[in-house]
Every structure is written in C-alpha cells, then in structure tokens.
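In what follows, a single structure is set out as structure tokens and then discussed.
No lab work stands behind these numbers, since they all come straight from the coordinates. Owing to the predicted nature of the structure, the values given are computational and were not obtained by experimental measurement. Cβ atoms come from the backbone with ideal geometry, glycine included; neighbour counts cover every protein chain shown.
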C-alpha cells in the first residue's frame, strides 16, 4: 500500500479564481494557479493546461462542473500527484493508477439520502 496523506480540509471560495481566457477554474495561491478544478466537459483542456504549466494538483467538485461518477481520466495522467475530492464519487478506483500520488484530500462526504454533510478523513469511495 502506498503512503498517501489523507487529510480533511475546508477551502475558502475566495481563493478560487476563474481564468477568463480558457474558461477553466483554478485554486490560486500567491497569485499563481496551484490546482485545476477538473470540469467533466473540459477534461482534455484541463489536462493540457496542467501539462503546459507543470501543475500536478487536481480538485474534483460537482459545483464547479465535475459531474462524472468516476475518475477515469486519472488512468491516462499519471503525472498527477495530488487529488482533492469535494463531492460524492461512486468509483475512485483510478486513484490506484497514480503511483506518485503524494496527497489525497477528502474534504466532504455528502450523504444525499439523509441530506447532511459528514466530515471525514477516511476515503469514502470505492477503490475496488
């Protein structure tokens, strides 16, 4: 089993800015993009931007346009070293393909059945 840090975090929406040229959304620190919010309809553009600007961090958030029930795009992008999931993902098995994964952050688990948010530091998706 890989040694991957699993932490909980609450991100401030004020630190998130949108790139007006490409239509992509980034996490900005000290005026520079440090992570890309992956959008389901723009996965190729998100990955191309990451490669061009040597970014290795992705954030998955349904409110910021990630609607897929899986993370299959990770299978073809092994350079990604940090994944933050801020939404309910049914199949996280693609995380197992990231051999250089340094950080996996599980911010929230949203229990839709009971309409409540459960904070957790444990992985909440299926790694099988």
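What is the distance in Å between the Cα centres of the range 34-56 and the range 60-99?
12 Å
If packing is taken as the mean number of other Cβ atoms within 10 Å per residue, what is the order of 76-86, 92-102, highest first?
By packing density, highest mean first, the sequence is 76-86, 92-102.
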